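*Asks:* Can you keep this structure in mind? I'll have questions shortly.
The values are calculated or read from the model by the stated rules, or taken from the named source; none is laboratory data. The model shown is predicted, which means the values in this text are computed figures rather than measured ones. Cβ placement follows ideal geometry from the backbone for every residue including glycine, while neighbour counts extend to all protein chains displayed. In case anyone asks, the SASA skips ligands and DNA or RNA and just uses the protein heavy atoms, side chains included. Shrake-Rupley method; radii C 1.70, N 1.55, O 1.52, S 1.80 Å.
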Amino acid sequence: LEVAAGNGELTLKQALAAALELVGKPAELTTLDMMAALGACFASADISVTGVTLGDMWDLIKEFETMTVVPNTMTCTHMLGLCVKFSADGRAGHLEALAILNWAKKS
């Protein structure tokens, strides 16, 4: 998933949908799965993305957390990267970045 996104084969919408599909599988998910899913979203995001918000990313994180998957430092870094990309066109700002940092501290 992350490699395909990095190669430009997925849009952010497609990466998010694939990540949510992964969460819907009955298999035991790990921290690395969460990191790869957010990494795919980060790799596929650009400032022309429409129809996906930072709130959608939070929804994905909540899905992982309900399965007791704990984020790692790279997961938090991917989320901050998404925030930076969304801030390029005014869809995120310092408040969202602070919320991500607060989440990272608690994790």
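*Asks:* Going residue by residue through the stretch 64-76, is there one that turns out to be closer than 17 Å to Ala104 by Cα and among the acidic types (Asp, Glu)?
*Replies:* Yes, the conditions are met somewhere in the stretch 64-76.
*Asks:* Can Gly8 be described as under 21 Å from Thr68 (Cα atoms) and among the small types (Gly, Ala, Ser)?
*Replies:* No.
*Asks:* Any residue at all in the stretch 67-89 that's basic (Lys, Arg), more than 20 Å from Leu22 (Cβ to Cβ) and in contact with a Ser or Thr (Cβ under 8 Å, 6 or more places away or on another chain)?
*Replies:* As a first pass, look at the stretch 67-89 and keep what is basic (Lys, Arg): 85.
Filter once more, so that each one left must be more than 20 Å from Leu22 (Cβ to Cβ): 85.
Keeping just the survivors that are in contact with a Ser or Thr (Cβ under 8 Å, 6 or more places away or on another chain) gives none.
The answer is no; no qualifying residue exists.
*Asks:* Run Leu20 past the list (1) touching a residue at least 40 places away in the same chain (Cβ under 8 Å); (2) open to solvent by 10 Å² or more (accessible area, probe 1.4 Å); (3) part of a loop (DSSP other than H, G, I, E, B) and report the number of the one that doesn't hold.
*Replies:* Here Leu20 meets the rest and fails (3).
*Asks:* State whether the residues of the stretch 67-74 include one that is out of contact with any strand residue (DSSP E or B) (no Cβ under 6 Å at 6 or more places or on another chain), among the aliphatic types (A, V, I, L, M) and farther than 16 Å from Ala37 by Cα.
*Replies:* no
*Asks:* For the stretch 1-29, give me the residue count where each residue is among the basic types (Lys, Arg) and either within 15 Å of Met57 (Cβ to Cβ) or in contact with a strand residue (DSSP E or B) (Cβ under 6 Å, 6 or more places away or on another chain) (or both).
*Replies:* Total meeting the criteria: 1.
*Asks:* Continuing with the same structure: If we keep just the residues of the stretch 60-84 that are assigned to a loop (DSSP other than H, G, I, E, B) and among the hydrophobic types (A, V, I, L, M, F, W, C), which is least open to solvent (accessible area, probe 1.4 Å)?
*Replies:* So the residue we want is Val69.
*Asks:* Which residue pairs have Cβ atoms under 8 Å apart, sit 6 or more places apart or on different chains, and have a first residue in the stretch 84-107 that is under 15 Å from Thr53 (Cα atoms) and a second that is open to solvent by 80 Å² or more (accessible area, probe 1.4 Å)?
*Replies:* So the pair list comes out as Lys85/Ile47; Ala88/Ile47; Asp89/Ile47; Ala92/Val84; Ala97/Val84.
*Asks:* Mind listing whichever residues of the stretch 34-59 are in a helix (DSSP H, G or I) and open to solvent by 50 Å² or more (accessible area, probe 1.4 Å)? Give the derivation first.
*Replies:* Keep residues of the stretch 34-59 that are in a helix (DSSP H, G or I), which gives 34-44, 54-59.
Result: Phe42, Trp58, Asp59.
*Asks:* Out of Ala92, Ala97, Ala104, Ala27, report the one residue that is more than 18 Å from Val3 (Cα to Cα), surrounded by fewer than 12 Cβ atoms within 10 Å (Cβ to Cβ) and among the aliphatic types (A, V, I, L, M).
*Replies:* None of the others qualify; the one that does is Ala27.
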